[in-house]
Amino acid sequence: MLTLDPGAFSARLDLMTPEATSDGQGGATITYVAFAKAWARIEPVSIAFSEEANGETFRVTHEIWLRARADLVPGMRFRRGSRVFRLAGWRDPDETGRYTVCRCEEVAT
């Protein structure tokens, strides 16, 4: 059984869900609307560099630990201040239903 220090959940996050708004021309504009707040633990996992259009780009991934939630869906985002994390997937680390570990990618805002 996995045991975590309760103080490890020290980052306050806004949970955001995508919302499509018609653009009047047959398409849609996606905006993200905060619907809940949660305490979390953010752990950097990896960074990858690549070259695109004569410039260097990088991708930073994180694992974000939350208390167990049933309302996560693909495409959600988490926000902490000016930092935004795109939810790629999630799992229960020890199958006890106590925690959810989310694999996220930090996105530029």
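Values quoted throughout were computed directly from the atomic coordinates according to the rules given, and no laboratory measurement underlies them. Everything numeric here is computed off the predicted structure, so don't read it as measured data. Cβ: placed from backbone, ideal geometry, glycine included. Neighbour counts: every protein chain shown.
Sort the range 44-104 into rounded, prolate or oblate with this rule: let a ≥ b ≥ c be the square roots of the eigenvalues of the Cα gyration tensor; rounded if a/c is under 1.5, and if a/c is not under 1.5, prolate when a/b is larger than b/c, oblate otherwise. The shape class here is prolate. For the chain, the Kirkwood hydrodynamic radius comes to 15.4 Å, computed from all pairs of different C-alpha atoms. Checking every one of the trypsin sites (Lys or Arg not before Pro) in the range 54-109 against DSSP loop status and a limit of 16 other Cβ atoms within 10 Å picks out Arg69, Arg98. Convert 25 °C to kelvin, take the viscosity as 0.890 mPa s, use the Kirkwood radius over C-alpha pairs of the range 7-46 as Rh, and evaluate the Stokes-Einstein diffusion coefficient in µm²/s, rounded to a whole number. It comes out at roughly 196 µm²/s. Qualifying GluC sites (Glu not before Pro) in the range 1-86, where qualification requires a DSSP coil assignment and no more than 11 other C-beta atoms within 10 Å, are lacking entirely.
Structural descriptor for the chain: relative contact order 24 percent, calculated from alpha carbon pairs under 8 angstrom and at least 6 residues apart.
When Rg and Dmax are taken over the Cα atoms of the range 16-78, they come to 16.2, 43 Å. Pick from Ala20, Ala88, Ala11: which is most flexible by mean-square fluctuation in a GNM of the chain where alpha carbon atoms under 10 Å apart are linked? The residue with the greatest mean-square fluctuation here is Ala20.
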